Amino acid sequence: MKTVNKYLINLSSLLLFVLAFVTLPVCAVDATSGLAKITIIEPLNGSEIAAGDVTVSVAVENFSIVDKLGKPAVAGEGHIHYFMDAKAATTPGKPAITKPGTYAPTINKSYTWKNVTAGKHNFSVELVNNDHTPLSPPVVAEVSVKAASTNLKTMSVENVTINLVAQGMAFNTSKITVPAGAHVTINFDNQDAGIPHNFALYENRDAQTTIFKGDVISGPKKVTYVFDAPNKSGTYFFRCDIHPSFMTGDFIVE
């Protein structure tokens, strides 16, 4: 009986010794520090960005980024795979890669995609093991954005000169048309002797919002007014501030 008990004791000790050195499977998550997480901080989901070179920046939590690409997997460490217009690969045990040109493995927390065309695009990022395989469960983040063309036509500012006459208590025109944003020069000729006139431009006929107000002069006299037309197309209102009820007109911006 004593021999049996001694045998059982020795067997138990052996089992405890073996268990103490059992190597646990590689885990995708470092349980001692919480769940691994990756977040795209730039660009923002749903934002509009400029086409061309687009930089994706990320923040990583509870996961060590190490320069061991292609080495054996070790729990809690690895690197980042960036994807553009391709769904992040998450098949267990297989490298998280997609078609050439649609993914990039790196230890950097930002990656710049070159020559991104105008239109809608999807950017994804994934934390992976040293051997490029997905974590378990996969740790992925993605955003969708719209890239706008930067090849906008540069418009030169047009210079417009207008000859405006006040005679017989009236302007010689009731309509002035200029391009949007034009640099406007008005040669104002007040031919009414002893009568004050001016040219003033307002947002509308209420004349509450002033765009430009020229100095008042008494005729016969000439003056030059210079200002920039509104950038927004529409019909604005001009008048003589001294005679606002009948010396008026439409200032049309095209």
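Just so it is clear, none of the values below were taken in a lab; they were calculated from the coordinates. Because the structure is a prediction, the values reported are computed rather than measured. Neighbour counts are summed over all protein chains in view; Cβ atoms, including those assigned to glycine, are modelled from backbone coordinates with ideal geometry.
Work out how much length LYS146 to LYS94 would gain on full extension: take 0.36 nm times their residue separation and subtract the Cα-Cα distance, in nm to one decimal.
Numbers: separation 52, 0.36 × 52 = 18.72 nm, distance 3.13 nm.
So the chain would gain 15.6 nm between LYS146 and LYS94.
Taking amide H atoms as placed 1.01 Å from N in the peptide plane, the amide H of HIS132 lies under 5 Å from those of GLY70, each 5 or more residues away in sequence or on another chain. Compared with the alpha-carbon gap, the fully stretched path from ILE107 to LYS175 is longer by 17.9 nm at 0.36 nm per residue. The phi torsions of segment 118-129, fed into the Karplus equation with coefficients 6.51, -1.76 and 1.60 and a -60° offset, translate into couplings of 5, x, 8, 9, 10, 10, 10, 9, 8, 7, 10, 6 Hz, rounded to whole numbers, with Gly and Pro shown as x. Can you list residues from other chains, or at least 5 along the same chain, whose modelled amide H is less than 5 Å from the amide H of ILE49? Result for ILE49 returns LYS146, ALA147, ALA148. Converting phi to 3J(HN,Hα) with the Karplus coefficients 6.51, -1.76 and 1.60 and the offset θ = phi - 60°, segment 193-206 yields 4, x, 10, x, 9, 7, 10, 9, 10, 10, 5, 7, 6, 5 Hz in sequence order, with x at every glycine or proline. Between the amide H of MET169 and any residue lying 5 or more places away or on another chain, no distance stays under 5 Å, with hydrogens modeled in the peptide plane. Label positions at LYS114 and GLU158, each projected 7 Å from the Cα along the C-beta direction, are separated by 4.2 nm.
Qualifying chymotrypsin sites (Phe, Trp or Tyr not before Pro) in segment 105-151, where qualification requires a DSSP coil assignment and no more than 13 other C-beta atoms within 10 Å, are lacking entirely. As a quick test, which of the pairs LYS71/LYS114; LYS37/LYS99; LYS71/LYS94; LYS175/LYS232; LYS175/LYS213; LYS68/LYS99 have an alpha carbon distance above 19 angstrom in this structure? The pairs that break the limit, which is 19 Å between Cα atoms, are LYS71/LYS114; LYS37/LYS99; LYS68/LYS99. Spacing of the modelled spin labels on VAL66 and LYS232, each 7 Å from Cα toward Cβ, amounts to 6.0 nm. If the segment from LYS37 to THR185 were pulled out straight at 0.36 nm per residue, it would be longer than the present Cα-Cα gap by 47.1 nm.
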